[in-house]
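In what follows, a structure is listed as structure tokens, so that the remarks can point back to it.
The values are calculated or read from the model by the stated rules, or taken from the named source; none is laboratory data. Nothing here was measured: the structure is a model prediction, and the numbers come from that model. Note: ideal-geometry Cβ built from the backbone for every residue, glycine included; neighbour counts use all protein chains shown.
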Amino acid sequence: MAETPSFDPIAMLETLTRHEVQFVVIGGIAALSHGSPLPTEDVDVTPERSEVNLHRLADALAELGARLRTETGDDVPLPRDPRLLAQAEFWTLTTRHGDLDLVFTPPGTAGYEDLRRDAFAVEIGDGVHVRVASLADVIRSKEASNRPKDRAQLPALRQTLERVRDRGRL
């Protein structure tokens, strides 16, 4: 069984950014950037699917030591192959900095271009700038996925969205 790495989302996002991977942060990290109180244990991103970007992504994943995450805990090496990355809608990975999920077309969305439209740039850590999905898009995706854990998070996310909207009216 593989050892669980310590969770360092900033290191993961910094590596993707340094490799010039085009992506939008989704899921829990996106929600946290909007002020959501919900904890998260992984980084979820929607990468852009161009050939150039998939090569950059493969290089970044190699640097991160990415492996396929399995339910048994026996992680499997991820081949450094951009064509392989393009063949699936999502990848559940573990890296030396924690879990990373690549979701090319999150439920309820049309993928990168759709999410990028309302995404905004935020600075995380020390000078790392990433695009983060809008809270409305995070909610839309969680509603469409309809998983029990996502349904449980929806009330807090909707409440956070109302607070964000109220602040915008001040």
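All but one of (1) surrounded by fewer than 18 Cβ atoms within 10 Å (Cβ to Cβ); (2) free of Cβ contacts under 8 Å to residues at least 60 places away in the same chain hold for residue 125; state the number of the condition that does not hold.
(2)
So residue 72 fits all but one of (1) crowded, with 17+ Cβ neighbours inside 10 Å; (2) among the hydroxyl-bearing types (Ser, Thr, Tyr); (3) out of contact with any helix residue (DSSP H, G or I) (no Cβ under 8 Å at 6 or more places or on another chain); what number is the exception?
(1)
Among the numbered conditions (1) modelled with pLDDT of 90 or more; (2) touching a helix residue (DSSP H, G or I) at 6+ places or on another chain (Cβ under 8 Å), tell me where residue 40 comes up short.
(1)
For the range 75-95, give me each residue that is farther than 16 Å from residue 112 by Cα and not polar (S, T, N, Q).
75, 76, 77, 78, 79, 80, 81, 82, 83, 84, 93 - these are the residues of the range 75-95 that are farther than 16 Å from residue 112 by Cα and not polar (S, T, N, Q).
Residues in the range 106-126: is at least one of a type in the set (Phe, Trp, Tyr) and within 26 Å of residue 162 (Cβ to Cβ)?
There is at least one residue in the range 106-126 that is of a type in the set (Phe, Trp, Tyr) and within 26 Å of residue 162 (Cβ to Cβ).
Please indicate, with yes or no, whether at least one residue in the range 132-151 is touching a helix residue (DSSP H, G or I) at 6+ places or on another chain (Cβ under 9 Å), part of a strand (DSSP E or B), within 25 Å of residue 80 (Cα to Cα) and modelled with pLDDT of 95 or more.
No; the residues of the range 132-151 include none that is touching a helix residue (DSSP H, G or I) at 6+ places or on another chain (Cβ under 9 Å), part of a strand (DSSP E or B), within 25 Å of residue 80 (Cα to Cα) and modelled with pLDDT of 95 or more.
Here are some residues: 47, 39. Which one is surrounded by fewer than 13 Cβ atoms within 10 Å (Cβ to Cβ) and either within 18 Å of the chain's Cα centre (by Cα) or in contact (Cβ under 8 Å) with a residue 24 or more places away in the chain (or both)?
On the way: 47 fails: surrounded by fewer than 13 Cβ atoms within 10 Å (Cβ to Cβ).
Of the residues listed, the single one that is surrounded by fewer than 13 Cβ atoms within 10 Å (Cβ to Cβ) and either within 18 Å of the chain's Cα centre (by Cα) or in contact (Cβ under 8 Å) with a residue 24 or more places away in the chain (or both) is 39.
Quick one: in the range 90-111, of everything that is of a type in the set (A, V, I, L, M) and either touching a Pro at 6+ places or on another chain (Cβ under 8 Å) or surrounded by 20 or more Cβ atoms within 10 Å (Cβ to Cβ) (or both), which residue is farthest from residue 77 (Cα to Cα)?
Taking the range 90-111 first, the residues of a type in the set (A, V, I, L, M) are 93, 100, 102-103, 110.
If we keep only those that are either touching a Pro at 6+ places or on another chain (Cβ under 8 Å) or surrounded by 20 or more Cβ atoms within 10 Å (Cβ to Cβ) (or both) too, we end up with 93, 100, 102-103.
Details: 93: 10, 100: 14, 102: 16, 103: 19 Å.
Of everything passing the filter in the range 90-111, 103 is farthest from residue 77 (Cα to Cα).
Looking at (1) surrounded by 14 or more Cβ atoms within 10 Å (Cβ to Cβ); (2) modelled with pLDDT of 95 or more, find the lone condition where residue 18 falls short.
Of the numbered conditions (1) surrounded by 14 or more Cβ atoms within 10 Å (Cβ to Cβ); (2) modelled with pLDDT of 95 or more, the odd one out for residue 18 is (1).
Show me the helices (runs of 4 or more DSSP H) entirely contained within the range 20-105 in which 1 or more residues are polar (S, T, N, Q). Spell out the reasoning first.
Values: elements: 27-33, 51-64, 82-85.
Of the helices (runs of 4 or more DSSP H) lying wholly inside the range 20-105, those with at least 1 residues that are polar (S, T, N, Q) span 27-33, 51-64.
Hey, does the range 143-150 have a residue that's surrounded by fewer than 18 Cβ atoms within 10 Å (Cβ to Cβ), closer than 18 Å to residue 45 by Cβ, of a type in the set (A, V, I, L, M) and free of Cβ contacts under 8 Å to residues at least 12 places away in the same chain?
no
What pairs can you find where one residue is in the range 70-83 and modelled with pLDDT of 85 or more, the other is of a type in the set (Phe, Trp, Tyr) and surrounded by 12 or more Cβ atoms within 10 Å (Cβ to Cβ), and their Cβ atoms are less than 8 Å apart, with a gap of 6+ or different chains?
Note: pairs meeting the criteria are 78/91.
Against the condition within 13 Å of the chain's Cα centre (by Cα), over 22 Å from residue 110 (Cβ atoms) and at pLDDT 90 or above, how does residue 13 come out, does it pass?
It is true that residue 13 is within 13 Å of the chain's Cα centre (by Cα), over 22 Å from residue 110 (Cβ atoms) and at pLDDT 90 or above.
Which of the numbered conditions does residue 65 fail, given that it passes all the others? Conditions: (1) surrounded by 13 or more Cβ atoms within 10 Å (Cβ to Cβ); (2) touching a residue at least 60 places away in the same chain (Cβ under 8 Å).
Here residue 65 clears every test but (2).
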